[in-house]
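Heads up: the structure comes next, in structure tokens.
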Amino acid sequence: MNNTFWKNKKLFLTGHTGFKGSWLCLYLNLLGAKVTGYALQPPTNPNLFELARIDQMIKSITGDVRDVEFLKNSIAVNKPEIIIHMAAQPLVRESYKVPVETFSTNVMGTVNLLEAVRACNSVKVMVNVTTDKVYEIRHQGIKASRHQGFCESDPLGGYDPYSGSKACSEIVTAVYRQSFLSPKAAVATARAGNVIGGGDWAADRLIPDFIRAILAGGKIHIRNPKAVRPWQHVLEPLTGYLSLAQKLYENKQKYAGAWNFGPEKRDAKTVEWIVEKLCSKWGQEAGYIIDKGKHLHETGYLRLDNTKAKRKLGWKPKWELKTAIDKIIEWTKAYQEGKDLRQACLTQIQEYCG
């Protein structure tokens, strides 16, 4: 990624008040981009958006991607060159509780944004951020035993409403790209792994659950200790999204399509491995309990093949999982000690880019 490319680029970011969106705002501000964010209010309390005072760094619009007219008008007024779409209902377990909201946000929200892109001549690039969970899980035991990662050409699917809605979002994006947007705008989708980092307070996610438990003096309860996930620090996929957006901007349709931004094979680890490492890094007071109760279905094994992004974009992971865990502990200690969390994030971004 050429960092000078982003100076003064006009970018429209949906979902900017979330965990990943907040980190991306900080990253883009450091690169000199002009960012307009569009999202609902921050989804948790506390949240990184407020802790890092991100509203002071960008133009922030409170809006719902399901409101097509307001979304269209917001894009038309701000005339962005690049759009990165991260607004979503992002939680698997929550999707079982609110399936209609999940599908309306993740599918129709994408449709609405694509309609807005279609109507706005300034937009040259759109990257739709989906998930590693868009793939159809078939013969899981064989897949897991061979340690094969999903590649971009594998079939889409989804057992739960979240996964299914994101697979639908992928299809919708491909349809709009082929039917309406090419060659006017270059459109791609980006699939990341299980993203971790300081400042994530979401419910039913492993790292936030651990942090909440530790700060409250308790122990984390883990549901699926043997489940394998492609863990990666948040800066890894964000750099991938920016690299992809730059390539799309410079080369138009050559880089359109789907892209995996997953960690290396060695960083696909079990839930229990992650928790043990977190506990050892935090100190003696940290611990965990395995909850053996009955739980909603969650995929047992996930890993992404990142070969395409490495070969064609020149992107590759920089921080191994042990480093990512160190950075989470470092950030959380800064939070616990009342330090400047905007600076804590910016320091980690500079270390990553250095």
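Just so it is clear, none of the values below were taken in a lab; they were calculated from the coordinates. Note that the coordinates shown come from a computational prediction; the quantities given were computed from them, not determined experimentally. Glycine gets a Cβ as well: all are built from the backbone with ideal geometry, and neighbour counts include every protein chain shown.
I'm checking a number: the convex hull volume of the Cα atoms of region 18-86, normalised per residue, in Å³. What is it?
It is 83 Å³ per residue.
Please report the antiparallel percentage of the DSSP beta bridges confined to region 3-353, to the nearest 5.
10
Evaluate the Kirkwood expression for the hydrodynamic radius of region 186-330, namely the inverse of the mean inverse distance over all pairs of different C-alpha atoms, and round to one decimal in Å.
Over region 186-330, the inverse of the mean reciprocal pair distance is 16.4 Å.
Okay, helix-only estimate at 222 nm for the chain: each DSSP H run of n ≥ 4 adds -39500 (n - 2.57), divide by all residues, round to 500 deg cm²/dmol; what do you get?
-12500 deg cm²/dmol
Would you mind checking K20/K322; K7/K247; K254/K322; K124/K322; K252/K327 for any pair whose Cα atoms are more than 26 angstrom apart?
Going by Cα-Cα distance, K254/K322; K124/K322; K252/K327 fall outside the 26 Å limit.
Report the residue, chosen from T130, T173, T62, that carries the largest GNM mean-square fluctuation when the chain is represented by alpha-carbon nodes joined by springs under 10 Å.
Of the options given, T62 has the highest mean-square fluctuation.
Beyond 25 Å, how much of the Cα-Cα pair distribution for the chain remains, as a whole percent?
Summing the P(r) of the chain above 25 Å gives 50 percent of all pairs.
Mind checking region 249-354 for GluC sites (Glu not before Pro) that DSSP puts in a loop (not H, G, I, E or B) and that have at most 13 other Cβ atoms within 10 Å?
When the GluC sites (Glu not before Pro) of region 249-354 are filtered for loop state and at most 13 Cβ neighbours within 10 Å, E285, E337 remain.
How much length would be gained if the chain were fully extended between K292 and A76, taking 0.36 nm per residue of separation minus their Cα-Cα distance, in nm to one decimal?
Result: 72.6 nm gained on full extension.
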